[in-house]
Amino acid sequence: MTNEHLKELLESIYRSGQEHDSQDGNHGTRMLNITPDTGKFLAILVQSCGARDILEIGTSNGYSTLWLADGASRTGGRVRTVEVSESKYRIAAENFRRSGIGDSIELILEDIRSYITKVEDGSIDFLFLDSERPQYMDFWEELDRVLKKDCLMVVDNALSPKPEELNDFIAAIENSKRYSTQIIDIGKGELLALKLR
């Protein structure tokens, strides 16, 4: 990352998220950010894929979104990010405003289960899931529908905590025979699922 302003902002957002979560025992209001190494990994993946139409599920305070948008700034891409919590939506909106790259981000306040039904078939070339894992099965078929062939779905928290919450979702992906999958031991574990031709 060469943008020093964005680098400093990301460090600040991550620190404040960690401090907030250390004092907040409520899972629903915690920021639950990805790790910095995961952020760098996502930015590299976006660039290496040449991704232009990126969809993130679970914005929180916008930390991961900004990493995705940093990668997209080198591909001419845009990030759509969907958050259901109004308080987190407001925090993310302010962070995007301060980032200098907010023009490449579309922030949506809506339940993903309703939003994703409006997304066009095969219109997404990079999907990042970082939300409530037990709900992924509720919209697995929609995720599969909107992701282009030869493109990636990345799922956070594949190794911790409670990785068993992804068991049914991973089984659905693998049983479809349309994906090649691998779990990468970085951060809290990243499931990579490449949609085959």
| task | May I ask you to list the residues in the range 85-98 that are closer than 22 Å to Leu127 by Cβ and touching a residue at least 40 places away in the same chain (Cβ under 8 Å)? | result | Ser85, Lys88, Asn95
| message | What's the total number of residues in the range 22-49 that are farther than 15 Å from Gly62 by Cβ and without any contact (Cβ under 8 Å) to a residue 40 or more places away in the chain? | response | 10
| query | Which of the residues belonging to the range 175-189 are charged (D, E, K, R) and closer than 13 Å to Glu141 by Cα? | reply | Arg178
| request: Would you mind stating whether Leu6 is in contact (Cβ under 8 Å) with a residue 60 or more places away in the chain and open to solvent by less than 10 Å² (accessible area, probe 1.4 Å)? | output: yes
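Under the condition of being of a type in the set (Val, Ile, Thr) and out of contact with any Ser or Thr (no Cβ under 8 Å at 6 or more places or on another chain), which residue from the range 40-57 is surrounded by the most Cβ atoms within 10 Å (Cβ to Cβ)?
Just the residues of the range 40-57 that are of a type in the set (Val, Ile, Thr), to begin with: 44, 46, 54, 57.
Cutting the leftovers down to out of contact with any Ser or Thr (no Cβ under 8 Å at 6 or more places or on another chain) gives us 44, 54.
Working: Ile44: 12, Ile54: 27.
Checking each candidate, the answer is Ile54.
Please go through the range 58-94 and give me each residue that is of a type in the set (Val, Ile, Thr) and surrounded by fewer than 24 Cβ atoms within 10 Å (Cβ to Cβ), ordered by number.
If the condition is that a residue be of a type in the set (Val, Ile, Thr) and surrounded by fewer than 24 Cβ atoms within 10 Å (Cβ to Cβ), then Thr75, Val82, Val84, Ile91 are the ones that fit.
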| strands (runs of 3 or more DSSP E) fully within the range 106-184 counting 2 or more residues that are within 19 Å of Leu42 (Cα to Cα) and touching a residue at least 40 places away in the same chain (Cβ under 8 Å) | 124-129, 147-155
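Which of the residues that make up the range 71-115 are within 13 Å of Gly58 (Cβ to Cβ) and of a type in the set (A, V, I, L, M)?
The answer is Val79, Val82, Val84, Ala92, Leu107, Ile108, Leu109, Ile112.
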| said: Being at pLDDT below 95, of a type in the set (D, E, K, R) and surrounded by fewer than 20 Cβ atoms within 10 Å (Cβ to Cβ) is true for just one of Asp21, Asp37. Which residue is that? | reply: Asp21
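Every residue, every condition in (1) out of contact with any Gly (no Cβ under 8 Å at 6 or more places or on another chain); (2) of a type outside the set (A, V, I, L, M, F, W, C); (3) at negative phi, yes or no:
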residue	(1), (2), (3)
Lys148	no, yes, yes
Leu152	yes, no, yes
Pro161	yes, yes, yes
Asn167	yes, yes, yes
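The values are calculated or read from the model by the stated rules, or taken from the named source; none is laboratory data. Owing to the predicted nature of the structure, the values given are computational and were not obtained by experimental measurement. No Cβ is skipped: glycine too gets one built from the backbone with ideal geometry, and neighbour counts run over all protein chains shown. Only protein heavy atoms, including side chains, enter the accessible area calculation; ligands, DNA and RNA are left aside. Shrake-Rupley method; radii C 1.70, N 1.55, O 1.52, S 1.80 Å.
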